[in-house]
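Here's the structure we're looking at; comments come further down.
The values are calculated or read from the model by the stated rules, or taken from the named source; none is laboratory data. Quick caveat: nothing in here was measured; it's all calculated off a predicted structure. Using ideal geometry, Cβ is built from the backbone for each residue, glycine included, and neighbour counts are taken over all protein chains shown. Remember, those area values only see protein heavy atoms, side chains included, never the ligands or the DNA or RNA. Shrake-Rupley method; radii C 1.70, N 1.55, O 1.52, S 1.80 Å.
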Amino acid sequence: MEAKRVKSHVSFFFLPPPHFLPLFLPPYPLSYPSPLSVKVRLCSRCHSNKSQQNVMGSDSWPPKFKEFFYIPNIIDYLRVVALVWAMRESGEGSEWHFVTWYAISYLLDMIDGEAARYFDQCSKLGYYLDMVIDRISTIVASAKAMGYLSPFSAMALLVTTVIVEIIAHGVVMYYGEVLGIHQKKMGFDYYLVNLYLGSKAGLGFGCVCYEAFLLSIILQMPLWVNLLFFPGFAFRTAACTVRLYACMYLDTTIHSE
């Protein structure tokens, strides 16, 4: 068994190494093996031992024909239908139509993972569907919200969307697919990332508030409602940015026979 060090492929941003991050982002003291030593990337939907075995056994591409009809994947197809229906109407009075169908799509996203674990139907196809539809959904909501903001605020939201939904998640998916590292393990040694991804409470707070903040803008709700959800929006944005920062200088151990 031979191990070699491979430097990050995205260090071309020429930023200082992660240990120069501000003090409010100290390395998190982990009591378990470093996530960078993970050898097998597993489907983000599945965490039980039995599910892990199933994913490792079906981690192939192209997907098998039967995988297209897995229940969690069918749920993802319904998410797409709900999202398309949400965008069907435009103009004055269409805000509630959009928010209602977008919320239905988001609720379906909350149950597809549970369905995958319950029916032991994890697959790489499901992993791709979940990741891609998540990104498209949030980008659509962000684009819709920009139409209700001032030019400066719209530009700030555009930059945030590009960093969080396109660059950060794109880099994470690249490392997951090319280097075989679980996407939820990247940057876990940073406190903010661990706080976000280390528990269902942190993940739920960040994701729900992020979406709710966008929808409150679309519905043109009072400022205090926007401010109510903004901390979670900022929390998720900061955590994803820090994770991207960590990935830029990520050294991974690749084991080869």
(message) Can you give the log10 of the normalised intensity I(q)/I(0) at q = 0.24, 0.25, 0.31, 0.34 Å⁻¹, computed with Debye over equal Cα scatterers of the stretch 80-122?
(response) -0.74, -0.77, -0.96, -1.05
(message) Given a Förster distance of 22 Å, report the FRET efficiency between S199 and V132 from their Cβ-Cβ distance, rounded to the nearest 0.05.
(response) 0.30
(message) Can you give me the C-alpha center-to-center distance between the stretch 187-219 and the stretch 81-134, rounded to a whole angstrom?
(response) 18 Å
(request) Would you mind getting me the FRET efficiency between M87 and Y118? Use the beta-carbon distance for r and R0 = 22 Å, nearest 0.05. (result) 0.10
(request) State the extension gain, in nm to one decimal, for the chain segment bounded by W224 and I111, taking 0.36 nm per residue of separation less the distance between their alpha-carbons. (result) 37.7 nm
(request) Take R79, R88, R117, R135 and sort them by solvent-accessible surface of the protein heavy atoms, 1.4 Å probe, largest at the top. (result) R88, R117, R135, R79
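Once you sort the root eigenvalues of the Cα gyration tensor of the stretch 77-185 as a ≥ b ≥ c, which label holds: rounded (a/c under 1.5), prolate (a/b larger than b/c) or oblate (the other case)?
Cα axes put the stretch 77-185 in the oblate bin.
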(request) Name the shape class, rounded, prolate or oblate, that the alpha-carbon gyration tensor gives for the stretch 102-151, where a ≥ b ≥ c are the square roots of its eigenvalues, rounded holds for a/c under 1.5, and otherwise prolate holds if a/b is larger than b/c and oblate otherwise. (result) prolate
